[in-house]
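The values are calculated or read from the model by the stated rules, or taken from the named source; none is laboratory data. Quick caveat: nothing in here was measured; it's all calculated off a predicted structure. A quick note on method: Cβ atoms are made from the backbone with ideal geometry, for glycine too, and the neighbour counts reach across all protein chains shown. These accessible areas exclude ligands, DNA and RNA; they are computed on the full protein's heavy atoms, side chains included. Shrake-Rupley method; radii C 1.70, N 1.55, O 1.52, S 1.80 Å.
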Amino acid sequence: MDLIGKVIGNRYEIITEVGNGGMATVYKAKDNILNRLVAIKILKDEFTTDQEFVKRFNTEAQSAARLTHPNIVSVFDVGYEEEYNIYYIVMELIKGKTLKEIIVHDGALSWKWAVNIAMQIASALEAAHKENIIHRDIKPENILIKDNTLVLTDFGIAHFKDSNLTQANDLLNNRNYLAPEQ
C-alpha cells in the first residue's frame with residue numbers, strides 16, 4: 001500500500017520512505033499538530049494479522065517508550081490506524097547515517113572513534129538494562145550517528161527480563177550478529 005501523502009492517526013502526514021526492514025517500513029512524516037518532522041515505523045501488511053508479530057511490534061513501542069537516554073531513540077506515540085489497517089510507532093527523526101553506512105563509505109574506523117562508539121552503545125545498553133530491557137539486535141544498521149552522537153534504534157525483538165513474551169531459544173536475530181553458540 002502506498003502511504004505517501006496519507007495522514008495517520010489524524011496527525012502524521014507521510015512524506016517519504018526512509019528505511020525498510022524485515023518487520024516494518026520507516027517513513028519520514030510531519031506531525032501536523034506539533035509542526036515537526038518525525039519518523040513513523042509501520043508494521044508491514046503481511047504481519048498485521050499475525051498476533052505474535054503485532055505483540056512484538058507493541059513490545060518495541062513499550063520498550064523504547066520506557067527509555068529516556070541521549071543514546072536511545074525517543075518514542076512519541078504508538079497506535080493503530082483502522083482505515084489502513086496499520087500499526088505504527090512514532091519516534092524522533094534522526095538526520096544522520098547508520099553505522100553500517102559510515103563503515104561502508106569510510107572503511108575501518110579509527111580506534112578512538114571505535115572506542116567512542118563502543119562507550120555510547122554501552123551507555124545506551126546500560127540504561128535499557130536498568131529498565132530490565134534487553135535489546136537483542138545490536139548491529140550497525142540499528143545505530144544512527146549524527147554529529148558524533150550515537151542513537152540506538154529498533155527495539156523490535158527486545159526482551160523484558162523475567163517475561164514469557166519470547167522463548168529462550170527464539171532466533172529472530174540477524175544471523176550475521178548472533179553469538180557463535182547460538
Problem set entry | Only listed residue being more than 21 Å from ALA124 (Cβ to Cβ) and either of a type in the set (Asp, Glu) or open to solvent by less than 60 Å² (accessible area, probe 1.4 Å) (or both), chosen from THR59, THR48, THR98 | THR48
Exercise. (1) in contact with a helix residue (DSSP H, G or I) (Cβ under 9 Å, 6 or more places away or on another chain); (2) touching a residue at least 24 places away in the same chain (Cβ under 8 Å); (3) more than 23 Å from ILE8 (Cβ to Cβ); (4) open to solvent by less than 50 Å² (accessible area, probe 1.4 Å): which one isn't true of VAL73, the others all being true?
Worked result: (3)
For this session: Identify, by number, the condition in (1) closer than 18 Å to ALA128 by Cβ; (2) open to solvent by 60 Å² or more (accessible area, probe 1.4 Å) that ILE103 doesn't meet.
Result: (1)
For this session: Determine, yes or no, whether PHE155 is farther than 30 Å from THR16 by Cα, surrounded by 11 or more Cβ atoms within 10 Å (Cβ to Cβ), at pLDDT below 95 and of a type outside the set (Asp, Glu).
Result: no
For this session: Restrict the check to region 26-34 and report whether at least one residue is surrounded by 14 or more Cβ atoms within 10 Å (Cβ to Cβ) and in contact with a helix residue (DSSP H, G or I) (Cβ under 7 Å, 6 or more places away or on another chain).
Result: no
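For region 70-79, does any single residue satisfy the condition of being out of contact with any strand residue (DSSP E or B) (no Cβ under 8 Å at 6 or more places or on another chain), under 26 Å from ILE4 (Cα atoms) and not in a loop (DSSP other than H, G, I, E, B)?
Applying the first criterion (out of contact with any strand residue (DSSP E or B) (no Cβ under 8 Å at 6 or more places or on another chain)) to region 70-79 yields none.
Within region 70-79, not a single residue is out of contact with any strand residue (DSSP E or B) (no Cβ under 8 Å at 6 or more places or on another chain), under 26 Å from ILE4 (Cα atoms) and not in a loop (DSSP other than H, G, I, E, B).
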Seminar exercise, completed: Going through (1) under 22 Å from ILE133 (Cβ atoms); (2) touching a helix residue (DSSP H, G or I) at 6+ places or on another chain (Cβ under 9 Å) one by one, GLU92 fails only at (2)
Exercise. Can you name the number of the only condition in (1) β-branched (Val, Ile, Thr); (2) open to solvent by less than 30 Å² (accessible area, probe 1.4 Å); (3) outside any strand (DSSP E or B) that VAL90 fails?
Worked result: (3)
Exercise. What number goes with the only condition from (1) crowded, with 19+ Cβ neighbours inside 10 Å; (2) within 12 Å of the chain's Cα centre (by Cα); (3) under 19 Å from VAL151 (Cα atoms) that LEU67 does not pass?
Worked result: (2)
